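Here is the structure we will look at.
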Amino acid sequence: MGLPPQAAIPSKPRRNYRSVEIDTVPLRSVSGPDAAVVSIKPPGAVREGEIFDLSAQLYSATPVGSASIRLYQNNLLVSEVQRELPQGVSEVTFPNLRAEGRMALYEVGVTAPDDSTAGNNRKRIAVVHAGRPRVLIIDKNPIQAELMAEALRASDFDVEIRPPVGLPADIEEFEAG
């Protein structure tokens, strides 16, 4: 047995929108040369102290003969390139950056002659740099594991050696390490 349609779906009260005032503001269209930073693309995972490349996508409404593209890391200028920008989207790569600290703020800015809209010339991104890789060695004879631990430390790993009773009971204890 079904309910009649009017009982199954409650009706909503009607609202009177005749007295609502709507204001509109015309936006000026952007015409002429315009350069913009569209996005910043860091690598998927970066560890503290690691060397990596950072890419940025740029947009130009018209071809630009010479644009200045700057990269800042934690508000310090680390790279500046001069290059032509074709009309449309292009990409610039900043190679050989070092991941300093556990987190860094990266900013890319573009400066082009006769740029008509300065508000879109910069983009920022915060990147968390993972710490050094950690290794926990469980061995009933810790002296025996020391050779392996030293090899790992020489490869820039944080290493801890524990006896079997030192095995973490759960993942939270393991991560707190």
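Tabulated results
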quantity: Members of the range 123-152 that are assigned to a loop (DSSP other than H, G, I, E, B), in contact with an Asp or Glu (Cβ under 9 Å, 6 or more places away or on another chain) and open to solvent by 60 Å² or more (accessible area, probe 1.4 Å); calculated: Arg132
quantity: Test result for Pro43, modelled with pLDDT of 80 or more and in a loop (DSSP other than H, G, I, E, B); calculated: yes
quantity: Residue satisfying condition, being modelled with pLDDT of 90 or more, of a type in the set (Ser, Thr, Tyr) and more than 16 Å from Ser39 (Cβ to Cβ), within set Ser68, Ser90; calculated: Ser68
quantity: Hey, Arg134 closer than 28 Å to Arg47 by Cα and either at pLDDT below 90 or in contact with a Gly (Cβ under 9 Å, 6 or more places away or on another chain) (or both) or not; calculated: yes
quantity: Subset of the range 96-110 (residues that are within 18 Å of Ser39 (Cβ to Cβ) and surrounded by 17 or more Cβ atoms within 10 Å (Cβ to Cβ)); calculated: Leu97, Ala104, Tyr106, Glu107, Val108, Gly109, Val110
quantity: Residue match in the range 51-62 (condition: assigned to a loop (DSSP other than H, G, I, E, B), of a type outside the set (Ser, Thr, Tyr) and open to solvent by 70 Å² or more (accessible area, probe 1.4 Å)); calculated: no
quantity: Any hit, the range 23-33, residues being surrounded by 13 or more Cβ atoms within 10 Å (Cβ to Cβ) and either out of contact with any helix residue (DSSP H, G or I) (no Cβ under 7 Å at 6 or more places or on another chain) or among the basic types (Lys, Arg) (or both); calculated: yes
quantity: Members of the range 86-95 that are loosely packed, with under 14 Cβ neighbours inside 10 Å and in contact with an Asp or Glu (Cβ under 7 Å, 6 or more places away or on another chain); calculated: Thr93, Pro95
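The values are calculated or read from the model by the stated rules, or taken from the named source; none is laboratory data. Everything quoted here is computed from the prediction, not taken from an experiment. Neighbour counts are summed over all protein chains in view; Cβ atoms, including those assigned to glycine, are modelled from backbone coordinates with ideal geometry. Please note that ligands, DNA and RNA were not included when accessible areas were found on the heavy atoms of the full protein model with its side chains. Shrake-Rupley method; radii C 1.70, N 1.55, O 1.52, S 1.80 Å.
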